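Colleague: Have a look at this one.
The values are calculated or read from the model by the stated rules, or taken from the named source; none is laboratory data. This one's a predicted model, so the numbers in the text were calculated from it and none came from an experiment. Quick reminder, even Gly has a Cβ in these numbers, built from the backbone with ideal geometry, and neighbours come from all protein chains shown. These area figures cover heavy atoms from the full protein model, side chains too; ligands, DNA and RNA do not enter into them. Shrake-Rupley method; radii C 1.70, N 1.55, O 1.52, S 1.80 Å.
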Amino acid sequence: MAQGQIQVQKQEQTQKQTQTITQQQLLQAHLVELPINQLIERINTEMDDNPALEAEPAADAHEVDSDPYAESADGTGGEDDFAATKEREERQSALDEALASIGRDDEELPVYHGGGAVGGDERDEIVYGATVSFYDQLREQMGETVLDDRRRDIMEYLIGSLDDDGLLRKPIDSIVDELAIYHGVDTSAAEVEAVLRSLQEFDPPGIGARNLQECLLLQIDRRDDSRLKELMRRVVERHFDEFTKKHWDKIQSALGLTDVQAEALWRELRKLNPKPGAAMGETVGRSIQQITPDFIVDTLDDGTVTFTLNTGDVPELRVSQSFVDIMREYQGNRAGMSRQAKEALLYTKQKVEAAQGFIEAVKTRRRTLSLTMQAIINWQRRFFEDGDEASLRPMILKDIAERTGLDISTVSRVCNSKYAQTRWGTFPLRHFFSDNFATASGEELSTRRIKAALRDIVDAEDKAHPLGDDALKEALNAKGFPIARRTVAKYREQLGIPIARLRK
């Protein structure tokens, strides 16, 4: 060390907040998000992967007769019990085979993946309705794309985040945060953007776009180079506002086109698909052909509102007795255990713990869904009593999170892709949520009520002289909704109502 230099060692204490997510928490978050049909699929897959997890036999399976081989009055008594006995024997055989495989290469053993998705081959064998779902079609294309494991996880999450139209409405920053919190994938906005660009190369063109303009540009880019392609891109890129309002004359003038050229351009532009997700078979979004409600809400004549969880074909789960017996046997004879016996005990212990964790995660899902649905009913009780859309109060995710004590992200997961069957129809849970509009006097109005009133006014207008946004504003003000003209325009666009000129 040079003369005059002194090396000082300092110890400082700092506070740093870190968030760690356990594998069990990830599994619980995954199951909470699944609608009933996908939950059944996930449970069946888990039972196939983990021989320590099995379905509880029917309560009356062995209460018909004390003699399992006794014949019933119709001559078929022993057949059900024989089938149950055979199933137990097959289960035991599978267990023996699994234990016998200990010591081979790891990939030969069935492995439990707490948050893993169903593999492509397994998913292909499970068919709901007449078509493959939108989600599965994209995953099939993902299987043909060269991706490392990390980017495959990001791609799968992006696919799961697409809306029914096939567009990605969720901000990239939110996806980065969700991947880190719920899936333990630390990534960056740049990496997610790169994976998104790969997804946007999937069919049909326009998939994965973040807005309508990008959706149309992606479709145009798939065309062969030509003067027409160049003009289409210029229209969508530079004259998008005029394009959406169908101001063809302004666009024609700006591009210097003849009437014939303009007509050919409009014809090609009209072929673009604003909803590429709808082009992927009869199945819409990630849903299946037939909606299966997760909640059955019953409103009695006296106004009492109750609900039940739709369990469908979800079995009651338990840990296999065969595995429990093996653990007891090995644990009672640990002294002098051979290496193979220790491996068998370790394998059995891992499978039993995984089965217990999965059963607990299913129970947690049930409790979480029940808490959330009860809070929604309490908040929107008037709607469940009379079925009137105007009865829906302003309600956001934070309101339900505070009522239940759940995290907002958990409430969001519960409400994604789930439906409630009510006396007034079957609705997605998101239907019951709406923002509020605060008036100058401090009164809070549901944006849903305002939109419903706006829709009624437009439906009742004179179609020969449709109302402009200023006139709509005055009509809404007269109905007790004091909102500005720009707010009227925003709600009109959200409802898909064209401007007055296009409603003639």
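Colleague: How much accessible area does H431 have with a 1.4 Å probe, in Å² rounded to the nearest 10?
Modeller: Approximately 30 Å² for this residue.
Colleague: Could you pull out every one of the lysines with an alpha carbon less than 29 Å from that of K246, ignoring same-chain neighbours closer than 8 positions?
Modeller: Hits, sequence-local ones excluded: K170, K229, K271, K275, K451, K463, K473, K490, K504.
Colleague: Kindly provide the pair-distance distribution of the range 300-369 built from C-alpha pairs, with 5 Å bins from 0 and whole-percent values in order of increasing distance.
Modeller: P(r) for the range 300-369, in whole percents per bin: 3, 13, 18, 15, 11, 10, 8, 7, 5, 4, 3, 2, 1, 1, 0.
Colleague: Taking the Cβ of R501 as the center, what net charge do the other residues with Cβ under 10 Å away carry, scoring Lys and Arg +1 and Asp and Glu -1? Show your work: numbers first, answer last.
Modeller: Values: positive: K245, K246, R503, K504; negative: none.
Once all neighbours under 10 Å are counted, the net charge is +4.
Colleague: Still on this structure: If you roll a 1.4 angstrom probe over the protein chains with everything in place, what fraction of the accessible area of the range 135-276 belongs to carbon and sulfur, to the nearest %? Walk me through the numbers on the way to the answer.
Modeller: Values: 3370 of 7380 Å².
Looking at the range 135-276 in its full context, I get 46 percent from C and S.
Colleague: Can you give the Kirkwood hydrodynamic radius for the range 359-504, in Å, rounded to one decimal and based on Cα pairs? Walk me through the intermediate numbers first.
Modeller: Numbers: mean 1/r = 0.0585 Å⁻¹.
The Cα-based Kirkwood calculation yields 17.1 Å.
Colleague: What ranking of W424, W379 comes out by heavy-atom accessible area, probe 1.4 Å, highest first?
Modeller: Output order, biggest surface exposure first: W424, W379.
Colleague: Sorted by average packing, counted as other Cβ atoms within 10 angstrom per residue and highest first, what order do 229-235, 349-355, 259-265 take? List each step's numbers first, then the result.
Modeller: Working: 229-235: 17.4, 349-355: 19.4, 259-265: 13.6.
Answer by packing, highest mean first, reads 349-355, 229-235, 259-265.
Colleague: Could you sort V411, V324 by their accessible area in this structure, using a 1.4 Å probe and putting the largest first?
Modeller: Working: V411 0, V324 35 Å².
Largest accessible area first, the list is V324, V411.
Colleague: Something else about it: Take the alpha carbon atoms of the range 467-492, find their center, do the same for the range 185-238, and report the distance between the two centers in whole angstrom.
Modeller: After rounding, the separation between the Cα centres reads 35 Å.
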